[in-house]
Amino acid sequence: MSTCKKATRVPAPRRQGDVEMKLAHADSAVQEKLIGDPRVKTAVVLQNKGGDGGSSSKLGSGEGKQVFRPESGEEERESWDSKLTFLLATVGYAVGLGNVWRFPYLAQKNGGGDEGASTLTAGAFLIPYFIMLAIEGIPIFYLELAIGQRLRKGAIGVWNQVSPYLGGIGISSAVVSFNVALYYNTIIAWCLFYFVQSFQSELPWATCPNVYFENGSYAVEPECVASTPTQYFWYRTTLMVSEDIDSPIAFNWKIALALVIAWVLVYMCMIKGIASSGKVVYVTATFPYIVLIIFFFRGVTLKGMSDGLLHLFTPKWYMLAEPVVWLEAGTQIFFSLGLAFGGLIAFSSYNPVNNNCYRDAIMVSLTNCFTSMFAGIVVFSVIGFKATMIYDRCLLERNATLMSIFGSSVEPTPLPPEGSTVVMQSANGSTETVIMPAIPECDLQKELDNTASGTGLAFIIFTEAINQFPGAQFWSILFFLMLFTLGIDSQFGTLEGVVTSIVDMKLFPNLRKEILTGVLCLLCCAISMSFAHGAGSYVFVLFDNFSGNFPLLIIALFECLGVSYVYGLKRFADDIELMTGKRPGLYWLICWKYLSPLAMISILVASFVEIAMEGSGYPAWVASKGETERHEWPVWALVLIAFLVLISVLWIPAVAICSITDIITTSNITILTTKIIVTNYIITIAIILSSPPPPPLRLAQAGGCEVKVACGFVIIDDNDKAWFPTDDLREFHGIMPHEVTTAEKLLFCIRDDGSEGLCCPTGGGDEDDT
């Protein structure tokens with residue numbers, strides 16, 4: 001049985017109520033038109049900054065600005081108290097720990113540090129970094145801000161409204177955000193632990209501890225001697241690390257307590273939603289920059305600073321031919337901006353409908369990029385100082401050894417091998433036989449290469465450098481307080497994406513938001529105790545490598561495909577023009593439809609190939625050697641990895657399948673219905689799965705087309721249309737209907753009626769769908 005009806009659009013009822021518009025320095029003809037409009041309640045008289053009480057007739061003269069405040073029955077929704085609050089919250093969300101401890105490492109690893117290179121320019125890594133920023137980072141950032149502001153919902157509501165088949169994108173974003181929030185707060189807990197330890201008279205990671213025996217004697221801890229004081233404090237004191245992931249050993253109550261405190265702090269900052277977190281970001285978003293500036297001026301005065309910066313920015317041009325460089329550049333751009341978590345969509349949904357989301361996307365993205373580069377300069381100026389101090393100490397030890405054997409610091413050529421017999425002649429003519437000791441090898445380049453990313457950079461390399469500073473406690477307090485603020489405001493955005501999605505889904509309609517946030521934080525706190533034992537750091541690595549990376553790339557890919565091939569590029573461009581007054585250029589449309597999806601597919605394929613060829617493992621701490629060695633994941637860990645990835649991305653096909661197929665059951669029959677939407681037609685196919693003759697089914701009106709429905713399987717029950725004053729915005733900005741250009745027809749197959757081709761047809765923008 002097949003039915004096909006024309007899906008006629010039922011016009012949305014005009015919302016009642018007046019529209020208030022405040023227009024400053026508008027053209028007089030525009031003012032007369034507005035004042036004559038019965039929907040306009042107020043046209044505010046202009047104020048001249050010159051003090052003459054007159055009004056300017058030039059729009060956008062700089063002496064005033066347009067203020068758009070419609071009163072057309074907008075639904076109650078939280079909003080930012082100021083534009084600055086939104087920008088600080090978005091910057092704080094996008095700028096996170098990865099800017100400080102991952103970008104410098106990748107820039108040094110993939111673009112700098114070649115002794116043979118003599119050209120002092122930006123490292124070669126910056127070339128793929130900026131290219132990926134242009135074709136992947138900023139376009140998707142712009143897309144998420146625009147779609148959230150237009151549809152005025154969280155990630156789940158937004159993608160369900162774009163198409164019921166895409167509702168799984170929002171659920172996947174919420175699941176990934178939840179998984180990432182679990183382990184991300186563990187970093188904040190570690191920072192809190194180091195912050196508290198920094199108040200001691202001597203930093204506990206400055207020297208090796210002693211081991212005391214029953215007879216009263218003592219010796220330096222062998223594990224610390226085999227490694228370094230900073231490594232020992234990190235692995236043994238802080239993490240209480242086990243030998244592998246299968247041996248959790250003792251529960252780490254210190255980190256467990258720090259985790260509880262961290263989750264309490266997150267909840268206190270989010271208890272009132274953006275009303276509370278919006279105030280906190282004034283501190284958390286600005287304090288890291290203050291500390292980075294302080295460290296910058298301290299770093300440029302340190303000995304060896306120039307060696308560190310040369311090592312960072314001297315390019316290895318041959319690295320541009322390596323696919324892994326482009327892979328890591330694209331991955332770093334993607335995750336440093338916080339794309340596909342749902343947090344950006346949630347934040348932008350609280351903005352006014354006429355907010356300039358394009359300017360916000362450019363501003364925040366470039367701020368993020370500048371922060372990464374500035375942090376790289378700060379980090380490597382300090383690492384250059386640390387490497388120089390180690391190199392100088394090595395030279396002193398080497399010269400002292402040579403002096404004791406040969407009577408001069410000038411080493412003979414060739415140098416006798418270690419353990420060989422050396423006959424020395426003294427000044428009085430007598431001879432003496434000595435065993436050649438080990439001569440330290442001093443290599444500044446090797447010390448500069450001895451860097452790390454992530455926790456290794458923050459808790460081992462940088463803390464070792466801070467040990468050399470006068471007043472090391474002060475610098476340690478500043479550094480870990482900076483890491484804490486960097487982490488916690490990114491945590492706000494991650495959890496806000498989860499909370500907003502749950503609220504928009506109306507899963508708990510009678511539960512106040514502060515109670516919902518508290519329950520969510522309590523649940524996360526309980527689960528995050530899995531990171532507070534000897535193998536917790538290995539579980540952390542597992543979550544860090546797999547809970548976000550692949551799922552987020554897949555989610556962002558479907559976001560681009562959803563906007564470009566389902567919602568429609570022309571319709572999306574029309575929406576942006578209504579909100580900002582300016583239509584997005586061809587470059588952004590090309591990125592959304594072609595370049596960004598291609599970049600993400602390339603990264604995904606390259607990542608899978610890399611794992612298939614090299615395998616996957618984790619660095620396990622070997623106490624006897626004082627170093628880490630690679631271990632393969634056990635079977636149960638591989639199962640957990642598969643679960644983390646699949647539980648995130650399977651929502652996308654699952655919701656699409658459930659949206660296409662409804663199982664209709666009555667007392668006598670079971671009917672499987674499949675709806676196929678092609679442009680403006682809905683084709684409903686019903687298959688009778690049982691033999692008795694079916695009773696009449698109830699007819700329901702859905703989107704202007706009568707479909708036979710009895711009992712459907714609904715995952716997302718959020719069909720409320722987003723409030724969007726299309727006519728008011730068009731009149732406010734003076735927008736004329738857009739005529740499809742030749743370039744749009746050729747590049748995107750946009751037809752004159754607004755429909756699009758290439759891969760699949762999409763419906764034209766319908767102005768009544770608001």
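For segment 207-233, which positions are of a type in the set (Gly, Ala, Ser) and closer than 19 Å to Thr455 by Cβ?
Here is the first cut: in segment 207-233, the ones of a type in the set (Gly, Ala, Ser) are 216-217, 219, 226-227.
Within segment 207-233, Ser227 is the sole residue that qualifies.
Let's see how each residue does on (1) closer than 26 Å to Gly456 by Cα; (2) in contact with a helix residue (DSSP H, G or I) (Cβ under 9 Å, 6 or more places away or on another chain):
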site: Ala620; (1), (2): yes, yes
site: Ala623; (1), (2): yes, yes
site: Val635; (1), (2): no, no
site: Leu640; (1), (2): yes, yes
site: Phe643; (1), (2): no, no
site: Leu650; (1), (2): no, yes
site: Ala656; (1), (2): no, yes
Say whether the condition of being crowded, with 19+ Cβ neighbours inside 10 Å, in the same structural domain as Trp592 (by TED's automatic domain parsing) and farther than 24 Å from Arg630 by Cα is met by at least one residue in segment 532-549.
no
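Assess whether Leu507 counts as being surrounded by fewer than 24 Cβ atoms within 10 Å (Cβ to Cβ), outside any helix (DSSP H, G or I) and either in contact with an Asp or Glu (Cβ under 9 Å, 6 or more places away or on another chain) or free of Cβ contacts under 8 Å to residues at least 12 places away in the same chain (or both). First the steps, then the outcome.
Numbers: surrounded by fewer than 24 Cβ atoms within 10 Å (Cβ to Cβ): yes; outside any helix (DSSP H, G or I): yes; either in contact with an Asp or Glu (Cβ under 9 Å, 6 or more places away or on another chain) or free of Cβ contacts under 8 Å to residues at least 12 places away in the same chain (or both): yes.
Yes; evaluated as a whole, the condition is true for this residue.
Do you know which of the residues in segment 536-561 that are assigned to a helix (DSSP H, G or I) and either without any contact (Cβ under 8 Å) to a residue 12 or more places away in the chain or polar (S, T, N, Q) (or both) is nearest to Pro248 (Cα to Cα)? Write out each step before concluding.
Filtering segment 536-561 down to residues assigned to a helix (DSSP H, G or I) leaves 536-546, 549-561.
With the extra rule that they be either without any contact (Cβ under 8 Å) to a residue 12 or more places away in the chain or polar (S, T, N, Q) (or both), the set shrinks to 537, 545, 549.
Working: Ser537: 10, Asn545: 20, Asn549: 25 Å.
Applying the filter and picking the extreme gives Ser537.
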From the option list Trp588, Trp621, single residue qualifying as under 24 Å from the mean Cα position of the chain (by Cα), crowded, with 16+ Cβ neighbours inside 10 Å and in the same structural domain as Trp633 (by TED's automatic domain parsing) is Trp588
Do we have any residue at all in segment 558-569 that's in the same structural domain as Ala329 (by TED's automatic domain parsing), buried (at least 21 other Cβ atoms within 10 Å of the Cβ) and over 23 Å from Leu145 (Cα atoms)?
no
Given the criteria part of a loop (DSSP other than H, G, I, E, B) and modelled with pLDDT under 90, does Lys625 qualify?
yes
Could you list all residues from segment 519-535 that are small (Gly, Ala, Ser) and outside any helix (DSSP H, G or I)?
Ala532, Gly534, Ala535
Count of residues meeting criterion [among the hydroxyl-bearing types (Ser, Thr, Tyr) and either outside the structural domain of Lys386 (by TED's automatic domain parsing) or within 17 Å of Thr90 (Cα to Cα) (or both)] in segment 468-521
4
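So for segment 108-115 (the condition being farther than 18 Å from Val379 by Cβ and at pLDDT below 85), does at least one residue qualify?
There is at least one residue in segment 108-115 that is farther than 18 Å from Val379 by Cβ and at pLDDT below 85.
Would you check which residues across segment 207-250 are at positive phi and touching a strand residue (DSSP E or B) at 6+ places or on another chain (Cβ under 9 Å) and list them? Break it down into steps so the answer makes sense when it comes.
Taking segment 207-250 first, the residues at positive phi are 216, 240, 249.
Across segment 207-250, the qualifying residues are Met240, Ile249.
Matching residues to (1) crowded, with 24+ Cβ neighbours inside 10 Å; (2) under 27 Å from Val382 (Cβ atoms); (3) without any contact (Cβ under 8 Å) to a residue 12 or more places away in the chain:
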| site | (1), (2), (3) |
| --- | --- |
| Val300 | no, yes, no |
| Leu309 | no, yes, no |
| Thr314 | no, yes, no |
| Gly330 | yes, no, no |
| Ile333 | yes, yes, no |
| Gly342 | yes, no, no |
| Ile345 | yes, no, no |
| Ser348 | yes, no, no |
Checklist (1) of a type in the set (Gly, Ala, Ser); (2) at pLDDT below 90; (3) surrounded by fewer than 24 Cβ atoms within 10 Å (Cβ to Cβ) applied to Gly497, failing item:
(3)
Scope segment 570-594; condition closer than 16 Å to Arg359 by Cβ and touching an Asp or Glu at 6+ places or on another chain (Cβ under 7 Å); matching residues
Arg583
When you look at Ser564, is it more than 17 Å from Tyr142 (Cβ to Cβ) and either free of Cβ contacts under 8 Å to residues at least 12 places away in the same chain or hydroxyl-bearing (Ser, Thr, Tyr) (or both), yes or no?
no
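Test Ile488 against the stated conditions and say whether it is modelled with pLDDT of 85 or more, hydrophobic (A, V, I, L, M, F, W, C), part of a helix (DSSP H, G or I) and closer than 22 Å to Ser227 by Cα. Don't jump to the end; show me each part of the working.
Values: modelled with pLDDT of 85 or more: yes; hydrophobic (A, V, I, L, M, F, W, C): yes; part of a helix (DSSP H, G or I): yes; closer than 22 Å to Ser227 by Cα: no.
So Ile488 does not fit the description; no.
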Could you look through segment 265-294, keep only residues that are in a loop (DSSP other than H, G, I, E, B) and at pLDDT below 85, and pick out the one that is farthest from Trp101 (Cα to Cα)?
Lys272
Top-ranked residue of segment 705-731 - restricted to ones that are out of contact with any helix residue (DSSP H, G or I) (no Cβ under 9 Å at 6 or more places or on another chain) and closer than 25 Å to Lys570 by Cβ, ranked as modelled with the lowest pLDDT
Cys705
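The values are calculated or read from the model by the stated rules, or taken from the named source; none is laboratory data. Everything quoted here is computed from the prediction, not taken from an experiment. When we count neighbours, we look across all protein chains shown, and the Cβ atoms used for this are built from the backbone with ideal geometry, even at glycine.
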